[in-house]
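Worksheet: the structure to be examined is printed underneath.
The values are calculated or read from the model by the stated rules, or taken from the named source; none is laboratory data. Bear in mind the structure is a predicted one, so any value in this text is a computation, not a measurement. Here the Cβ is made from the backbone with ideal geometry for all residues, glycine too, and neighbour counts use every protein chain on show.
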Amino acid sequence: YKRQVYSDVDKPPFGNKDVRGTTFSDGAAFSYNRASHTLTIRGGIEHMVIECSADVTVKTQKATIDSPETEITGNLLVGGKLTYEGGMAGSGGEGAAATIQGNVEIEGNAHSTGSMLSDGDNSNHHSH
């Protein structure tokens with residue numbers, strides 16, 4: 001275990017005594033602030049790969065992905081309520097593009113460019 005002795009000539013990579021880390025020549029930096037308990041990764045990183053042969057768990061009060069595009073290449077299971085704000089679009093898949101098991105409640109109108117079929121009672125309030 002080596003301790004670094006800093007001086008006016010050999011300055012620490014971060015100006016805060018509570019921060020330890022490494023800065024690379026391309027500007028990429030990894031640092032940990034022991035006072036705020038914050039791990040920061042930033043700078044000249046063009047690609048980041050986290051690869052392991054075991055499951056990965058992220059456990060926190062709230063996680064935010066701040067990205068204009070997010071892609072998930074495998075199945076996605078949401079254990080809680082799925083809430084969206086910007087609309088929803090989908091396509092493809094085998095069979096039906098979407099299958100919902102359970103009741104669906106719509107607050108507003110429903111529009112279809114194709115037939116709407118029911119295997120149960122007809123609810124369009126007209127008689128034949």
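Just checking, does region 65-74 include any residue being surrounded by 10 or more Cβ atoms within 10 Å (Cβ to Cβ) and over 28 Å from GLY120 (Cβ atoms)?
No, that holds for no residue.
Mind listing whichever residues of region 34-58 are farther than 25 Å from ASP18 by Cβ and of a type in the set (D, E, K, R)?
Those that are farther than 25 Å from ASP18 by Cβ and of a type in the set (D, E, K, R): GLU46, GLU51, ASP55.
Would you check if there is a residue in region 80-88 being within 30 Å of GLY27 (Cβ to Cβ), in a loop (DSSP other than H, G, I, E, B), of a type outside the set (Phe, Trp, Tyr) and within 15 Å of the chain's Cα centre (by Cα)?
no
Among the numbered conditions (1) loosely packed, with under 10 Cβ neighbours inside 10 Å; (2) at pLDDT below 90; (3) of a type in the set (Asp, Glu), tell me where GLU107 comes up short.
It fails just one condition, (2).
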